[in-house]
């Protein structure tokens, strides 16, 4: 199976969610199912059906998180020394169309959070920035439009 690149904070976040599901969500859901069962006829019991649906979601998410954490390739970005954009890099770019600077960190697909500048290495912008150096111009063919960035700075933390 293919390894999933992940930063240490991203890996911790997945592990914390998995622990929360095991310790809190799953036991609460079991109690909800028991309580709904005690109300009688299950065929018309909306609480019971909702609790069973929630159980299915929780179990599916647990399996997904267990798989992702087992396949995780945790990368300590503070140890990376490179003049090129690689996984974990924080990249300051200048948008040539809007005259604005933006800061991105390239992370794994499960860690992406565009509103906080964390973009996946598999996204159009992320893959466009990979292997580039300071001073390079990158043309990204995003679904909505074509974007042109100049790389100003690359750092690793």
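Values in this text are rule-based calculations from the coordinates and carry no lab data. All figures in this text were calculated on a predicted structure; none of them were measured in a lab. For neighbour counting, all protein chains shown are included, and Cβ atoms are generated from backbone atoms with ideal geometry for every residue, glycine included.
Some observations on this one:
- Taking 101, 133, 53 in turn, the Gaussian network model of the chain (Cα-Cα springs below 10 Å) assigns the largest fluctuation to 53.
- Residue separation of residue 141 and residue 45 scaled by 0.36 nm, minus their Cα-Cα distance, works out to 29.5 nm of gained length.
- Overall Cα dimensions of the chain, principal axis frame, Å, largest first: 69, 34, 26
- FRET efficiency for residue 59 and residue 156, using Cβ-Cβ distance with R0 set to 41 Å, rounded to 0.05: 0.65
- For segment 4-75, averaging the sequence separation of C-alpha pairs within contact (under 8 Å, six or more residues apart) and dividing by the residue count gives a relative contact order of 58 percent.
- Relative contact order (%) - criterion: Cα under 8 Å, at least six apart; region: the chain: 23
- FRET E, pair residue 74, residue 122, Förster distance 22 Å, beta-carbon r, rounded to 0.05: 0.80
- Share of pairwise Cα-Cα distances greater than 21 Å in segment 77-155 is 17 percent (whole percent).
- Debye-formula intensities of segment 18-72, expressed as log10 I(q)/I(0) at q = 0.15, 0.19 Å⁻¹, are -0.47, -0.65 (one equal scatterer per alpha-carbon, no solvent).
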